Every structure is written in structure tokens, then in C-alpha cells.
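Written out below as C-alpha cells is the structure these notes cover.
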Amino acid sequence: MPRPSFAELRNELLSSGISPRQVYRAVTEINEHFEDLVDAGLEDGRDRHDAQKFAVDALGDLKDISAAMREQPELKSWAWHHPKLALLVYPLACIAALPAVPLVAGARNAAELARWAACLLVGGFLTAFLFLLLQLTISPI
């Protein structure tokens, strides 16, 4: 007996406007409850297949759990409660986060960036030296 698809439950709840924090909490609790039911079935002397079937039957249909959660407006995200405000806040938050992207990428790739910076510095000095040499050879003293 395959285990229930908690990923489908998570996707269904997220697409119906339930807050991601609430979805994470609910899916984690249901998964833990399923594992507890499987362990209880194994302790009763069932084999793994029968214990999972027992757990699936005891847990019930995940669509019923999803429907019960969708009916509770307090579980909905703030964007579901205020969609016009979310249309303004989400793009502004993305624009505000854009300057942090190079910093995060830089922190993850510090060694590579140090090599690039050293190469740019050496290249800049070499170019400046060549321009100075060219200027000295062209201009009369």
C-alpha cells in the first residue's frame, strides 16, 4: 500500500490560499500522525504493508482534511484576505530584495569573487602602466 501523497495535499492547500506556515504545520502533523499509525500497526503484529493500509484507513481521505481546512478563513494567508494590497506589496518586495541578490551570491562564491577582483586589479594596473608608457613615448619631453 503506497503512502498518501502529502505533496498533493500541500499543493492543494497552497493553491486554495491557505497560509504556507499553516500548510507546513498541517502536512507535518498529518505525516507524523501517519507514521505513528504505521508504528502502532507494526506493534500490533501487522506486517509493513498491512500496517500502512491500517494507517491509510485510520487517517481517512486527505481531500476531507483539505476541505475542512479550506472552510476556515483564519487559516488563509494575508494575501488572500487583502489581494489588492498583495498586488502592490509583492512586486515592491521583489524590487527591494534585488540589491541583496548579488550580496547573497557573493557570500556563497567569495573565493571566486576574490580571484576575479585580483585579476581585475592586476589588469587595471597593467592597463594604467601601458597607458602611462604610451603617453611618455608619444609626448615630447
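Tabulated values for the structure
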{"read-out": "Segment 1-51, residues that are farther than 30 Å from residue 81 by Cβ, part of a helix (DSSP H, G or I) and among the aliphatic types (A, V, I, L, M)", "value": "37, 38, 40, 42, 51"}
{"read-out": "Residue in segment 42-56 that is surrounded by fewer than 16 Cβ atoms within 10 Å (Cβ to Cβ) and hydrophobic (A, V, I, L, M, F, W, C) present", "value": "no"}
{"read-out": "Residue satisfying all of: in segment 74-131; β-branched (Val, Ile, Thr) and more than 22 Å from the chain's Cα centre (by Cα); farthest from residue 15 (Cα to Cα) among these", "value": "127"}
{"read-out": "Single unsatisfied condition, residue 5 versus (1) closer than 15 Å to residue 64 by Cα; (2) of a type outside the set (D, E, K, R); (3) surrounded by 13 or more Cβ atoms within 10 Å (Cβ to Cβ); (4) more than 17 Å from the chain's Cα centre (by Cα)", "value": "(3)"}
{"read-out": "Long-range neighbours under 8 Å by Cβ, at least six apart or interchain, first residue in the same structural domain as residue 59 (by TED's automatic domain parsing) within segment 27-44, second part of a loop (DSSP other than H, G, I, E, B) and modelled with pLDDT under 90", "value": "34/3; 34/4"}
{"read-out": "First in segment 108-132 and among the hydroxyl-bearing types (Ser, Thr, Tyr), second anywhere and assigned to a helix (DSSP H, G or I) and loosely packed, with under 10 Cβ neighbours inside 10 Å, Cβ under 6 Å, 6 or more apart", "value": "none"}
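The values are calculated or read from the model by the stated rules, or taken from the named source; none is laboratory data. From a predicted model like this one, the values you see are computed outputs, not experimental measurements. Glycine gets a Cβ as well: all are built from the backbone with ideal geometry, and neighbour counts include every protein chain shown.
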